[in-house]
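The values are calculated or read from the model by the stated rules, or taken from the named source; none is laboratory data. This structure is a prediction, so every number in the text was calculated from the model and none was measured. All Cβ positions, glycine included, derive from the backbone under ideal geometry; neighbour counts span all protein chains shown.
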Amino acid sequence: MGSAYVKPLLQAGLATELTTFERIQAEGCGTLNARDDANYAITLPNHTTMVTGRGVVGPTGHNWTTNTDPPAGVTLETNKGSYVASVFDVVHDHGLRTAIWSGKSKFSLYHSSYGATTGAPDVTGADNGRDKIDFEKIAAAAPAADLAADFTTRMAAQPFNFVFFHFQDPDAAGHALGWSADPASPYAAALKRVDTQIGNILDMLRNSPALNGKTTVILTSDHGGHNKTHGDTKNPLDYTIPFYVWGAGVDAGADLYALNPASRSAPEAPANPSYSGPQPVRNGDAANLALTLLGLEPVPGSTIDNAQDLSISAPRPH
């Protein structure tokens with residue numbers, strides 16, 4: 001879901017018009033000028049950055065660089081040589097419920113890394129166990145409508161405190177038929193299908209007395225793409241992505257860079273900044289932003305938004 005492919009679909013009257021995305025832009029805050037990891041523009045390394053708050057490479061990185069189903073017995077800890085904490089750890093260890101929905105089987109990495117014998121011992125308050133993910137629905141090639149229907153049913157019946165949700169449809173369309181800015185393309189149709197299902201999720205949240213006004217959605221992407229591939233860290237089509245926040249506590253219609261002039265710097269259109277120097281909004285901001293919203297501390301070992309200073313609203317006068 002590269003930003004270059006979102007922009008052409010924000011036109012009224014298109015069959016592929018992203019009406020939910022327009023709603024999120026109007027009712028939430030965000031930017032189309034966010035970045036993925038500075039060194040990788042592929043799926044699993046970036047989603048791991050989203051849940052750990054770490055870049056991919058280096059001593060402080062999570063070091064997961066492959067993009068296939070993990071071999072049996074391989075975890076983030078066995079790969080790096082030390083435990084890699086996640087947003088799931090912090091939320092679960094505070095006695096709150098966590099879940100994941102994903103349409104790609106490779107997300108089994110998180111099941112294997114944060115399971116009953118592989119998750120870290122809980123040393124925060126009461127012992128809630130080592131299994132950090134309370135519910136998982138990880139199904140290869142699961143359509144957006146199927147995942148969203150299961151999510152809305154379960155969330156309405158017994159809400160989770162933190163959910164990590166992944167749609168695979170646009171990536172599958174891009175690899176099979178090509179990333180395209182043409183509103184009549186199969187890729188645009190895939191974005192529209194996901195946009196429709198996100199709309200169903202937002203409607204469920206608004207219509208639930210238990211969730212309305214108490215829930216925040218963070219919407220971002222692992223990468224964009226070009227032709228039928230992605231991963232080129234020199235191609236803006238691959239690494240320039242959206243990052244939006246909608247729901248409780250959000251300044252409607254605000255730009256994230258305008259809200260965070262001291263901590264985030266909007267990069268020039270073709271730039272892909274490294275982790276040194278002024279930082280853009282990144283998809284890796286998602287983990288610690290979610291923890292900020294839950295009133296919890298940052299992910300241990302995280303380096304992206306570890307200060308929890310990404311603001312989604314302007315300071316209010318006392």
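For the structure I just gave you, tell me whether G53 is at positive phi and out of contact with any helix residue (DSSP H, G or I) (no Cβ under 8 Å at 6 or more places or on another chain). Quick ask: steps written out before the conclusion?
On the way: at positive phi: yes; out of contact with any helix residue (DSSP H, G or I) (no Cβ under 8 Å at 6 or more places or on another chain): no.
Against the criterion (at positive phi and out of contact with any helix residue (DSSP H, G or I) (no Cβ under 8 Å at 6 or more places or on another chain)), G53 does not qualify.
If only one of L205, L237, L293, L211 is farther than 15 Å from D37 by Cβ, modelled with pLDDT of 95 or more, among the hydrophobic types (A, V, I, L, M, F, W, C) and crowded, with 20+ Cβ neighbours inside 10 Å, which one is it? Even if it seems obvious, please write down each step before you answer.
Working: L237 fails: crowded, with 20+ Cβ neighbours inside 10 Å; L293 fails: crowded, with 20+ Cβ neighbours inside 10 Å; L211 fails: crowded, with 20+ Cβ neighbours inside 10 Å.
Of the residues listed, the single one that is farther than 15 Å from D37 by Cβ, modelled with pLDDT of 95 or more, among the hydrophobic types (A, V, I, L, M, F, W, C) and crowded, with 20+ Cβ neighbours inside 10 Å is L205.
Tell me yes or no: at least one residue of region 113-130 is of a type outside the set (K, R), over 20 Å from T75 (Cβ atoms), touching a residue at least 24 places away in the same chain (Cβ under 8 Å) and surrounded by 18 or more Cβ atoms within 10 Å (Cβ to Cβ). Don't jump to the end; show me each part of the working.
Taking region 113-130 and keeping what is of a type outside the set (K, R), we get 113-129.
Still in the running and over 20 Å from T75 (Cβ atoms): 124-127.
If we keep only those that are touching a residue at least 24 places away in the same chain (Cβ under 8 Å) as well, we get 124-126.
The next check asks that each one be surrounded by 18 or more Cβ atoms within 10 Å (Cβ to Cβ); those that pass are none.
No, region 113-130 has no match at all.
Name the residue that is surrounded by the most Cβ atoms within 10 Å (Cβ to Cβ), counting only residues in region 173-189 that are in contact (Cβ under 8 Å) with a residue 60 or more places away in the chain and under 16 Å from P143 (Cβ atoms).
By that ranking, first place goes to Y187.
Just checking, how many residues over region 41-51 are under 11 Å from D232 (Cα atoms) and crowded, with 24+ Cβ neighbours inside 10 Å? It would help to see each step written out before you state the result.
So the first thing to find is which residues in region 41-51 are under 11 Å from D232 (Cα atoms), and the list is 41-42.
Going one step further and asking which of them are crowded, with 24+ Cβ neighbours inside 10 Å, we end up with 41.
Of the residues in that region, 1 qualify.
Filter region 47-75 down to residues that are under 18 Å from the mean Cα position of the chain (by Cα) and of a type outside the set (S, T, N, Q), then give me how many there are.
10
For A85, state whether it is within 18 Å of L291 (Cβ to Cβ), in a loop (DSSP other than H, G, I, E, B), among the aliphatic types (A, V, I, L, M) and touching a residue at least 40 places away in the same chain (Cβ under 8 Å). Even if it seems obvious, please write down each step before you answer.
Numbers: within 18 Å of L291 (Cβ to Cβ): yes; in a loop (DSSP other than H, G, I, E, B): yes; among the aliphatic types (A, V, I, L, M): yes; touching a residue at least 40 places away in the same chain (Cβ under 8 Å): yes.
So A85 passes the test.
Which residue pairs have Cβ atoms under 7 Å apart, sit 6 or more places apart or on different chains, and have a first residue in region 137-151 that is part of a strand (DSSP E or B) and a second that is of a type in the set (V, I, T) and buried (at least 17 other Cβ atoms within 10 Å of the Cβ)?
Matching pairs, first to second residue: I138/I100.
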